[in-house]
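The values are calculated or read from the model by the stated rules, or taken from the named source; none is laboratory data. Nothing here was measured: the structure is a model prediction, and the numbers come from that model. Neighbour counts run over all protein chains shown; Cβ positions are idealised from the backbone, glycine included. Just so you know, the surface numbers come from the protein's heavy atoms only, side chains and all, with ligands and any DNA or RNA stripped out. Shrake-Rupley method; radii C 1.70, N 1.55, O 1.52, S 1.80 Å.
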Amino acid sequence: MLSRSSFTSLVVGVFAVYMAHTCWVMYGIVYTRPCLAAAAPPAAAGGCVWPYLARRPKLQLSVYTTTRSSIGAESNIDLVLNVEDFDVESKFERTVNVSVPKKTRNNGTLYAYVFLHHAGVLPWHDGKQVHVVSPLTTYMVPKPEEINLLTGESATQQIEAEKHTNALDEPISHWRSRLTLNVMAEDFVFDGSFLPPDVHRYIKMVQLGKTVHYLPILFIDQLSNRVKDLMVINRSTTELPLTVSYDKISLGKLRFWIHMQDAMYSLQQFGFSEKDADEVKGIFIDTNLYFLALTFFVAAFHLLFDFLAFKNDISFWKKKKSMIGMSTKAVLWRCFSTVVIFLFLLDEQTSILVVIPAGIGAVIELWKVKKALKMTIKWQGLRPKFQFGTYNDSEKKTEEYDAQAMKYLSYLLYPLCIGGAGYSLLNVKYKSWYSWLINSFVNGVYAFGFLFMLPQLFVNYKMKSVAHLPWKAFTYKAFNTFIDDIFAFIITMPTSHRLACFRDDVVFLVYLYQRW
């Protein structure tokens with residue numbers, strides 16, 4: 001049987017091996033082996049694959065739309081963008097209006113065909129053209145309509161959508177209003193024997209004399225397609241805007257982006273919705289690669305500290321037989337706030353990547369309440385019977401201090417929560433009364449939840465002791481608190497959640513002062 005210290009050492013060791021393996025895999029993704037014979041003249045460099053862009057050809061970029069997933073000629077296609085004298089080094093962004101066919105308006109699909117070809121030659125007449133295809137539509141369940149619960153006034157976003165769908169839980173066509181294009185602009189010489197498999201499917205090679213060249217690598221950045229940019233396609237819509245943006249891309253970033261897109265596709269194959277995948281996309285799109293790497297390492301350590309804090313917290317409460325010096329009200333509040341946040345995440349249809357950990361945390365807090373109240377459950381058939389244990393004199397003294405702290409706290413807390421709930425009812429739109437209730441609770445948790453940590457401070461002050469607290473778990477949570485502080489102003493998050501990161505610091509510093 002492993003001791004606690006050896007188990008912790010094993011976890012840290014596995015974590016170190018995992019981090020080293022991840023670094024090696026990431027290095028293999030961003031580093032590509034060049035052709036060693038590239039220094040020789042092209043005719044003598046056998047096995048090398050040379051970039052066609054190094055010949056500086058005059059290129060043209062053309063974007064067409066069609067309802068067919070494959071085309072063989074120029075029939076039934078519409079030209080929506082034509083960039084003559086296309087320069088792979090120059091980025092641009094243009095917004096065009098795209099005609100929406102009747103088939104697409106009736107829940108059909110519209111495809112974008114992007115061609116990179118020689119200037120002055122039609123794409124299907126150019127043997128050295130490259131092209132990529134991407135759907136401009138996707139299927140999603142419309143967002144439920146929000147209304148003012150008192151006046152019944154509703155937003156108009158869903159009115160048109162409801163005209164052509166039988167129920168709000170049926171997926172309908174949404175328009176992808178952005179199309180992001182990239183061309184790998186490096187004059188990189190590949191080794192024909194070691195072509196990376198991720199890039200190989202995007203490479204088209206041609207024989208020019210005695211050398212082999214690869215045509216420009218054209219890539220559509222699917223990670224830039226965010227849920228917030230989607231628009232509902234109505235039956236009355238005949239034109240929709242499409243923003244086409246272009247920028248060059250390095251080989252290392254291209255390979256990394258290909259792997260990320262494959263990962264997003266795998267998530268959706270495993271049952272993740274478009275919204276779930278969008279949460280993961282935001283991690284990569286909203287940050288640059290260097291900060292993304294830093295975020296990954298910090299998040300990994302955050303996960304390690306979370307696990308160690310969880311392990312020590314469970315171990316502490318498992319052995320806990322007495323509630324002397326522990327605030328029962330604080331335990332009940334943590335349970336209530338964790339369950340409320342879990343229900344809030346469910347109501348907001350948040351990604352399951354966030355909902356599952358919150359649900360596990362809620363179950364653990366419920367178990368702590370059972371331990372704190374000395375509760376036992378006995379079943380009489382299908383009906384449960386709850387029994388509560390008795391407290392000794394020392395525990396009763398702790399309960400007196402706890403009740404006294406809650407009495408003072410209620411004078412401040414209850415008016416604030418009731419006032420906030422009333423204000424949101426008058427000024428904010430919600431999907432239902434349940435949604436308003438959950439939002440009011442969660443806003444109270446975020447804004448004033450740290451006040452419920454104060455009874456424990458009061459109990460510590462009265463008893464002149466902090467020996468009863470789980471300090472190992474507190475230590476690991478402290479590391480995570482400071483990590484949260486660093487990223488509170490960097491990572492996009494609600495203001496209430498950002499303030500919640502700093503409110504815990506104040507209480508934790510008071511804990512440290514009491515221990516000192």
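Restricting the first member to segment 191-208 and to residues that are within 17 Å of Asp126 (Cα to Cα), and the second to residues that are among the charged types (D, E, K, R), the beta-carbon pairs closer than 9 Å and six or more apart or on different chains are Lys204/Lys128; Val206/Lys128; Leu208/Arg55. Please verify whether segment 1-10 includes one or more residues that are loosely packed, with under 11 Cβ neighbours inside 10 Å and modelled with pLDDT of 80 or more. Taking every residue of segment 1-10 in turn, none turns out to be loosely packed, with under 11 Cβ neighbours inside 10 Å and modelled with pLDDT of 80 or more. The set of residues in segment 178-206 that are assigned to a strand (DSSP E or B), farther than 20 Å from Tyr113 by Cβ, modelled with pLDDT of 90 or more and open to solvent by 10 Å² or more (accessible area, probe 1.4 Å) comprises Met205, Val206.
Summed over segment 293-304, the residues that are farther than 14 Å from Cys23 by Cβ and free of Cβ contacts under 8 Å to residues at least 40 places away in the same chain give a count of 2. Count of segment 93-121 residues, restricted to those that are open to solvent by 40 Å² or more (accessible area, probe 1.4 Å) and part of a strand (DSSP E or B), is 7.
Filter segment 371-428 down to the residues that are assigned to a helix (DSSP H, G or I), over 18 Å from Trp333 (Cβ atoms) and either of a type in the set (Ser, Thr, Tyr) or open to solvent by less than 60 Å² (accessible area, probe 1.4 Å) (or both) and list them by number. Ser394, Glu395, Gly419, Gly422, Tyr423, Ser424, Leu425 - these are the residues of segment 371-428 that are assigned to a helix (DSSP H, G or I), over 18 Å from Trp333 (Cβ atoms) and either of a type in the set (Ser, Thr, Tyr) or open to solvent by less than 60 Å² (accessible area, probe 1.4 Å) (or both).
Could you check, for segment 31-42, whether at least one of its residues is under 38 Å from the mean Cα position of the chain (by Cα), at pLDDT 90 or above and not in a strand (DSSP E or B)? No; the residues of segment 31-42 include none that is under 38 Å from the mean Cα position of the chain (by Cα), at pLDDT 90 or above and not in a strand (DSSP E or B).
Beta carbons closer than 7 Å, at least 6 apart along the sequence or on distinct chains, pair a first residue in segment 396-421 that is closer than 13 Å to Ser440 by Cβ with a second that is in a helix (DSSP H, G or I) and open to solvent by less than 60 Å² (accessible area, probe 1.4 Å) for Leu416/Phe448; Cys417/Gly444; Cys417/Phe448; Gly420/Ser440; Gly420/Gly444; Gly420/Ala447; Ala421/Ser440. Screening the candidates Thr376, Thr350, Thr338 for the property of being of a type in the set (Val, Ile, Thr) and at pLDDT below 75 yields one hit, Thr350. Of all the numbered requirements in (1) modelled with pLDDT under 90; (2) over 19 Å from Ser134 (Cα atoms); (3) part of a loop (DSSP other than H, G, I, E, B), Val88 misses one, and that requirement is (1).
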